[in-house]
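The structure under discussion appears below in the form of structure tokens.
A short reminder: the numbers here are calculations on the coordinates, not readings from a lab. Computed from a predicted model, the values in this text were never measured in an experiment. Cβ placement follows ideal geometry from the backbone for every residue including glycine, while neighbour counts extend to all protein chains displayed.
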Amino acid sequence: MYTIGERINGMFKSVRTAIQEQNPEPIQDLARRQLEAGADCLDVNVGPAAADPAAAMEWLVKTIREVTDAPLAIDTTKPEVMRKGLELAGPNSIINSTKGQQEQLDIFIPMAIEYQAKLIALTIDENGIPRDANGRNEIALRVVAAAMEKGLDPSQVMIDGVILPVNVTQETPGHVLETIRGVKLLSDPPPLTVLGLSNVSQGTQQRALINRTYLVMAIGAGLDAAIMDALDADLMDAMITAELLLNRAVYCDDFLKAYRSR
Ligand code: THG
């Protein structure tokens, strides 16, 4: 499992304040701690409140790059903010994200090729979020076809089935699991799959429990990557154990420690 740490997001008050005050310590601390906890990549999102999102993205990426060369997932809907982030982040970045409609694919697929970045595609289009897995897989197929047509290998595409809070639509978690399974049949090589895990528990009373139970289910369905709270040690333990039980790591009594020191 490829772990993308979710915490550098202006949605969190401490991050929002750090951006406003241009105070590097809280950001650099979150970068270090998430990587120490096992994150492979860091999501970077200036949040909805940033007055000048391109300037905020520039400051965030430069601030993170003072402490780590780890891959970054540039999390914005705005092409000019994305470009700024990719320029400063360097190779192995992730474009987070494009939607499935043609106008967006025409912008973000060439950008992925230009910056040699992976491309997260949400299974959303001009008609919104599909009700079920069929609708999601239809959009995923269009994305993969567009990528191949433009010369982006499907293995560089990460399909996000768009999980919603379970207390808002209780059918969605099941539909997204079906999407994860279905996406693997779209092409050879298939695209990767990713989720913004914490969305599933927003507004619920048992966030951590719901997050880790759903992560294990999604890993069982074939999930390749998740944007998740790498600072939640129980969540990371559940992920490591799921991988062990799927025979992706050799068992030893110290398997949690062995994975973490890999
Ligand atoms: N898919 C993709 N990218 C994404 C998402 C996705 N990026 C953003 C988001 N969804 C994933 N990241 C988060 C980060 C935080 C939370 C949820 C998802 C979260 N935040 C607290 C809340 O809303 O309750 C904020 C708490 C606070 O304010 O301190 O849960 O789906 N590709």
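Quick notes on this one:
- Based on the Stokes-Einstein relation at 25 °C and a viscosity of 0.890 mPa s, and on the Kirkwood radius from alpha carbon pairs, the stretch 12-91 is assigned a translational diffusion coefficient of 196 µm²/s.
- According to the Cα-based calculation, Rg over Rh for the stretch 44-183 is 0.99, with Rh computed by the Kirkwood formula.
- For the stretch 30-113, applying the loop criterion from DSSP together with a ceiling of 13 other beta carbons within 10 Å to the GluC sites (Glu not before Pro) yields 66.
- The order of 108, 12, going from fewest to most other C-beta atoms within 10 Å of their C-beta, is 12, 108.
- Euclidean distance of C-alpha centroids, the stretch 17-38 and the stretch 137-198, integer Å: 30
- If you wrap the chain in the convex hull of its Cα atoms and look at it from every side, the mean projected area works out to 13.4 nm².
- Size descriptor, Kirkwood hydrodynamic radius, that averages inverse alpha-carbon separations across the stretch 109-241, Å: 15.2
- The amide H of residue 38, built 1.01 Å from its N in the peptide plane, has no neighbour under 5 Å, considering only residues 5 or more places off or on other chains.
- Judged by the mean number of other Cβ atoms found within 10 Å, the most tightly packed of the peptides 141-151, 252-262, 202-212 leads the ranking 141-151, 202-212, 252-262.
- Ranked list, fewest to most other Cβ atoms within 10 Å of each Cβ, for 14, 93, 201: 14, 201, 93
- Estimated vicinal HN-Hα couplings, Hz - the stretch 52-67 in sequence order (Karplus 6.51, -1.76, 1.60; Gly, Pro = x): 10, x, 5, 5, 5, 5, 4, 5, 4, 5, 4, 5, 5, 5, 6, 10
- Amide H contacts under 5 Å for residue 10, placed H, 5+ residues apart: 45, 46, 47
- In the chain, a dipole from Cβ-located charges (positive for Lys and Arg, negative for Asp and Glu) runs towards its positive end, and of 251, 96, 182 it is 251 whose Cα lies farthest in that direction.
- Neighbour-count order for 246, 72, fewest beta carbons within 10 angstrom listed first: 246, 72
- Backbone phi angles across the stretch 8-18, fed through the Karplus curve with coefficients 6.51, -1.76 and 1.60 (θ = phi - 60°), yield HN-Hα couplings of 8, 9, x, 4, 7, 4, 5, 6, 4, 5, 4 Hz in residue order; Gly and Pro are listed as x.
- Here the Karplus relation 6.51 cos²θ - 1.76 cosθ + 1.60, evaluated at θ = phi - 60°, turns the backbone of the stretch 70-78 into coupling constants of 4, x, 10, 9, 7, 9, 7, 8, 8 Hz, with x for every Gly and Pro.
- Take every DSSP beta bridge whose two residues both sit in the chain; close to 5 percent of them are antiparallel.
- Backbone amide hydrogens, once placed in the peptide plane, bring residue 78 within less than 5 Å of nothing, excluding anything fewer than 5 places away on its chain.
- DSSP beta bridge pairing in the stretch 62-170, given as percent antiparallel to the nearest 5: 10
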